[in-house]
1. Quick one: residue 71 ticks every box in (1) part of a helix (DSSP H, G or I); (2) away from ligand 2 (no atom under 16 Å from the Cβ); (3) in contact (Cβ under 8 Å) with a residue 12 or more places away in the chain except a single one, so which number is it?
2. How about the range 17-37: which of its residues are in contact with a strand residue (DSSP E or B) (Cβ under 7 Å, 6 or more places away or on another chain) and more than 7 Å from ligand 1 (Cβ to nearest atom)?
3. What is the residue count in the range 74-83 for residues that are crowded, with 17+ Cβ neighbours inside 10 Å and without any contact (Cβ under 8 Å) to a residue 40 or more places away in the chain?
4. Counting only residues that are modelled with pLDDT of 95 or more and within 16 Å of ligand 1 (Cβ to nearest atom), give me the helices (runs of 4 or more DSSP H) lying completely in the range 89-200 with at least 1 of them.
5. Let me confirm something: among 11, 40, 58, which residue is surrounded by fewer than 17 Cβ atoms within 10 Å (Cβ to Cβ), within 13 Å of ligand 1 (Cβ to nearest atom) and in a loop (DSSP other than H, G, I, E, B)?
6. Which residue, of 168, 149, is out of contact with any helix residue (DSSP H, G or I) (no Cβ under 7 Å at 6 or more places or on another chain), surrounded by fewer than 18 Cβ atoms within 10 Å (Cβ to Cβ) and over 26 Å from residue 94 (Cα atoms)?
Ligand SMILES: Nc1ncnc2c1ncn2[C@@H]1O[C@H](COP(=O)(O)OP(=O)(O)OP(=O)(O)O)[C@@H](O)[C@H]1O
Ligand SMILES: O=C(O)c1ccc[n+]([C@@H]2O[C@H](COP(=O)([O-])O)[C@@H](O)[C@H]2O)c1
């Protein structure tokens, strides 16, 4: 059973924050709450990845990362999901196809930090992502310029919404994307791991 949500109103808008969450931190919570507010989303789902297709080293066991996410994200609008592990998908384009199949009445928006926009053109079938769902990008310390110069940003320049149009993003037809210059949190999972504060 891939659907784990008892009640989803038809047409509701859901932001998807895919991530390793190894571990989750205040930056994830912060961009989720900014996305809820600024993109007019009803919910955000944290899609806890079984393993990023581009990262060689495997993350901590998914059960441990899911538990840490649940501890951190107390906001009732944020849901923690192991959908990818259950669906057997890792490549985001495959995950989106599976989600749209399981939840045909939900309007999904893919969310990411600016660092991931700079890398998006390296992802599997990445243009399919742009064709399937609107994409919301949130500023991250150090990565704003690289993101604005990214191949994906250049190729989809015509589909970019201005910041003032952000509330329209979640109901826009794809391709559509929007870069939000939100207040930034300088936190990262790698810094937490480097400080020895997370046992993987
Ligand atoms: N402080 C932050 N500001 C903005 N976006 C963030 C921040 N931290 C994480 N993100 C975004 O959240 C998503 C999931 O990130 P991830 O779980 O890889 O955390 P991370 O801190 O980037 O991890 P690592 O340091 O191991 O690369 C990505 O889209 C990433 O860009
Ligand atoms: O689809 C891909 O090829 C792909 C390549 C790199 C990253 N992603 C996804 O991007 C999200 C962020 O990954 P990470 O490891 O930076 O937290 C997560 O959902 C990954 O599955 C997806």
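The values are calculated or read from the model by the stated rules, or taken from the named source; none is laboratory data. All figures in this text were calculated on a predicted structure; none of them were measured in a lab. Positions of Cβ are generated from backbone atoms using ideal geometry, with glycine treated the same way; all protein chains shown enter the neighbour counts.
1. The single condition residue 71 does not satisfy is (3).
2. Hits for the range 17-37 are 32, 34, 35, 36.
3. Residues in the range 74-83 being crowded, with 17+ Cβ neighbours inside 10 Å and without any contact (Cβ under 8 Å) to a residue 40 or more places away in the chain: 2 in total.
4. Where helices (runs of 4 or more DSSP H) fall fully within the range 89-200 and carry at least 1 residues being modelled with pLDDT of 95 or more and within 16 Å of ligand 1 (Cβ to nearest atom), they are 92-102, 114-119, 126-132, 151-155, 189-194.
5. 58
6. Checking each option against the conditions leaves just 149.
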